[in-house]
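Notes for the one structure printed next.
Derivation of every value follows stated rules applied to the coordinates shown; laboratory data play no part. The structure presented is a predicted model; accordingly, all values stated were derived computationally and were not measured. Glycine gets a Cβ as well: all are built from the backbone with ideal geometry, and neighbour counts include every protein chain shown.
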Amino acid sequence: MSAQSMILQTVASPHARAGESVSVVMLKVVATLVPATVYGFWLFGSPAFWLWLITIASALAGEAVCLRWAGRDPAPLLKDGSALLTGWLLALSLPPWAPWWIGVVGGLFATTLGKQVFGGLGNNLFNPAMIARIALLVSFPVQMTYWVVPAGAPGLLDGLLITLGHIPVPDAMSSATLLGHAKTDLARGVDLLHTELPGHAFNWVGARVGSLGETSTWLIAAGGVALLTMRIITWHVPVAMLAAIAVPAAIGHAVDPARYIDWTTHLMSGGAMLGAFFIATDYVTSPSTRAGQVVFGLGCGLLTWVIRTYGGYPEGVAFAVLLMNALTPAIDRLIKPRVYGRTFTGKPASVQKGKSK
Amino acid sequence: MGLRELLNGVRWGVHPHDDHKRPAADVPLRVMPLPERLCVPLLQHVGAPALPVVKVGERVLRGQLIAAAQGNVSAPVHSPSSGVISAIGEVTAPHPSGLPFAAITIELDGKDEAGEPLTPQVDPFSLTPAEVSQRIADAGIVGLGGATFPSAPKAQLGLKLSVHTLIINGGECEPYLSSDDSVMRVRADEVIDGVRILMHATGATKALVGIEDNKPEATAAMRKAAEGFASIEIRPVPARYPMGSDRQLVQVLTGKEVPSGARTASIGVLVNNVSTCAAIHRAVRVGEPLYRRIVTVNGGAVAQPGNVLAPIGVLIEDLLRFVGLKETPARLVMGGPMMGVALPHAQVPTVKGCGGILALTAGEITDTAPSACIRCGSCVKACPMGLLPLELSAHIHAGEYDKAEAKGLDDCLACGCCAYVCPSHVPLVQTFYHAKGEVWKRAQQKKRTEFTKGLAQARKERLEREARERVEAAARRKAERAAQQAAAQQAATSASANTAGGASA
Ligand code: SF4
Ligand code: SF4
């Protein structure tokens, strides 16, 4: 019997609903990203704004085209907000002054190859924003690591020209990110005690080199807390992930401060917060049980630390999340809640009879 | 509460933000005036339908037996008032299918003349447990929480399996409903007395009354009524749906789980609803059969929502006329919004297990078209049984019923929590209803095939046996014939020899 021929009587119970639809959930997530995004605009100027706009528009366009091709009406499905959220998250993880076509390629990639080829919302194995980011990083390493110092934000029009590639970015403004800097210094044989970490002093307010929306760690964390209080996400993934970054980092730093960055820097840098609260918590690509989510979060965190510390790329969150995404089906198969009245193996629990009191 | 529970909150179920219980719960109980006609269904319980013992045209009195129990798991039906039987036939069942089912229609004469009580008044504690059970059975008491299992066989089962604890369900977790709440507020003494009688009937030594913590008045009234009975404990439980489900209530009150596929009695507890206890009190103390009950009439379309003491068998339209309608309801539901059934129309009678009638407006039912599952896990977190609704549903849609069964389809309570929370409005519990029906059908089919196979096998064996017997008989006959022939031949030879001898002699 197929799903179509199954009569699902609309009159069957329950006759009430929690009322939270997918679009509402997605829009709430988007809303919690607004402060960090606006702060990013302020920090990096209008090129960041234009890039953000272009990326989201491309993500939506990619989704619409795929749905059209699949013979479905795109309008109601675009309203679920998932493509908007994907584009938004991708934009936040891009270098703020990246050229326009980075946004276009990334946005299109995210929703078409990252999501719709798998069968659309709910069927993709990997987080679409992160897979697009990795694709960009691998294909365009230069543009994807072209960071600017947050200073002297250009006006709207100048910003647009920068994004469109008509004004070259002044050399003085480019720089490496904190993690990237540490990486190159280590590679050059300079230990971290004698290196000057750029922008470290500004870490706490996020005024430092980095992606469009990742530097304002506190605003992102605040957004994450808002998601927690709205019960859109639970603590399991973010807490596990942040802990699994912080604990090995703290141990490493205690053992050899010259080789290992301390844990606060780890948490405040790169996409750790964005990853923990907004990327790894993606419903579709993370396990559906609480225990599974803890395992998943721990895996994401640990891999992030390992890649950052020993890997070739300075930033590990995107890779870590994708690797764990690939493990999600296995986690879901292995970690299941115990059914009431059954043992962990699924056998009915034994009956203890008698007058035990 | 362990650390796990602390971190995760109550780990199952849902907490509807607005339980819609007020103001209906706080309005004083009203008694519904007698309508002109009642349609008293013959099947108001699980088990065999009752058998009519009256004829069309006969006059009946209030409390008089009109249909007798048929079989072990069944319950008799009594007339809710006095009047004349006008029909014994089919009316629409309280079911969305709108299928007909048998009922006795009584045109009331308005005199409400009472018949004899079923039994003389006695002290229930001077009776044997068997006698108490008999009185409960004669009064037609069934579980009033909605399960409608006849109470007497349940009590007997408890006695047989030596249960030690009675769990009294004052949970009433469905939104909108407050009939149990109302019983506890206005009839707390009767409930407690019913609990004591039931303890006597089942041999239980302890009773735990679980009342959701959103019913402070009921808890206070019950506490007062239970004063002086040390073996009866009133225990507030968190207001959380489905707290009224046996398994969940047992878990919260005793910390034990009922094994999958087993009855609560197997761990020494028996669950009864508070309204049932009040009915048992009346049945055993004064011999009053179950012919009326408190029904919550609620919903956005109702002008004066509240609790109504109504005769069983009253047509929903009469009940709604009594409370008034503000607008035409978009949906009528018998029971609560989580597990209740939608009614095809209002010409449907109430039954013993009906604790509420809801007239819901379009805004209250919010049917949204389903979209794809986004794997949010909300259904997993909500399921009180620890199932994975999204997986079950996927298996069922793929036609893999055996996999769904292996993953606990049978354990599903059909409580609707999963469908309630799903942001994609995936019709989860609806799919499970369907699958349970399908699995049942397949099991029936299998049984039938096995039966026919058995028949065929038997036939084959019989034919083989017959053939064998025929062959054997033929062989026997042949052997006999051969023997006869041999004998005849021998006789002939000896005769001829004799003749020859004679001739030669
Ligand atoms: S209806 Fe079944 S699967 Fe859904 S929450 Fe209730 S018990 Fe779990
Ligand atoms: S609640 Fe709905 S959308 Fe969420 S996992 Fe369950 S079926 Fe999927």
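Couple of notes before you dig in:
- Span from the the stretch B:143-205 Cα centroid across to the the stretch A:329-343 one, whole angstrom: 34
- Rounded Å value of the spacing that divides the Cα centres of the stretch B:56-100 and the stretch B:261-329: 17
- Here the residues A:Val255, A:Val117, ranked from fewest to most Cβ neighbours within 10 Å of their Cβ, fall in the order A:Val255, A:Val117.
- log₁₀ of I(q)/I(0) at q = 0.05 Å⁻¹ - the protein assembly as shown, Debye sum with one point per alpha carbon: -0.41
- B:Thr452/A:Ala250 FRET efficiency (R0 56 Å; Cβ-Cβ; nearest 0.05): 0.20
- For the pair B:Arg442 and B:Ser86, label points projected 7 Å from Cα toward Cβ lie 4.8 nm apart.
- The base-10 log of I(q)/I(0) for chain B, evaluated at q = 0.06, 0.07, 0.11, 0.12 Å⁻¹, reads -0.35, -0.45, -0.99, -1.16 [Debye formula, identical scatterers on Cα atoms, solvent excluded].
- A crude spin-label estimate for the pair B:Ser266 and B:Arg462, with each label 7 Å from Cα along the Cβ direction, gives 3.9 nm.
- Modelled FRET efficiency - R0 41 Å, B:Asp410 with B:Val471, Cβ distances, 0.05 increments: 0.25
- Label point 7 Å beyond Cα of B:Phe125 along Cβ direction - residues of the stretch B:270-284 with amide nitrogen under 17 Å: B:281-282, B:284
- Cα-based shape type of the stretch B:51-96, given that a ≥ b ≥ c are square roots of the gyration tensor eigenvalues and the cut on a/c is 1.5: oblate
- For B:Arg62, B:Arg465, order by how many other beta-carbon atoms lie within 10 Å, fewest first: B:Arg465, B:Arg62
- If the chain linking A:Val138 and A:Asp158 were pulled fully straight, counting 0.36 nm for each residue of separation and taking away their Cα-Cα distance, it would gain 4.3 nm.
- Cα-based shape type of the stretch B:137-273, given that a ≥ b ≥ c are square roots of the gyration tensor eigenvalues and the cut on a/c is 1.5: rounded
- Unsatisfied cross-links (Cα-Cα over 23 Å) in the set A:Lys347/B:Lys436; A:Lys336/B:Lys381; B:Lys21/B:Lys206; A:Lys336/B:Lys154: B:Lys21/B:Lys206; A:Lys336/B:Lys154
- Prolate/oblate/rounded label for the stretch B:31-138 (Cα gyration tensor, a/c 1.5): oblate
- Aspartates and glutamates whose Cα lies under 13 Å from that of B:Lys403, excluding same-chain neighbours fewer than 8 positions away: B:Glu391
- Antiparallel bridge percentage (DSSP; both residues within chain B; nearest 5): 60
- Residues A:Met130, A:Met230 arranged by fewest to most Cβ contacts within 10 Å: A:Met230, A:Met130
- Bridge type composition, the protein assembly as shown - antiparallel percent by DSSP, nearest 5: 65
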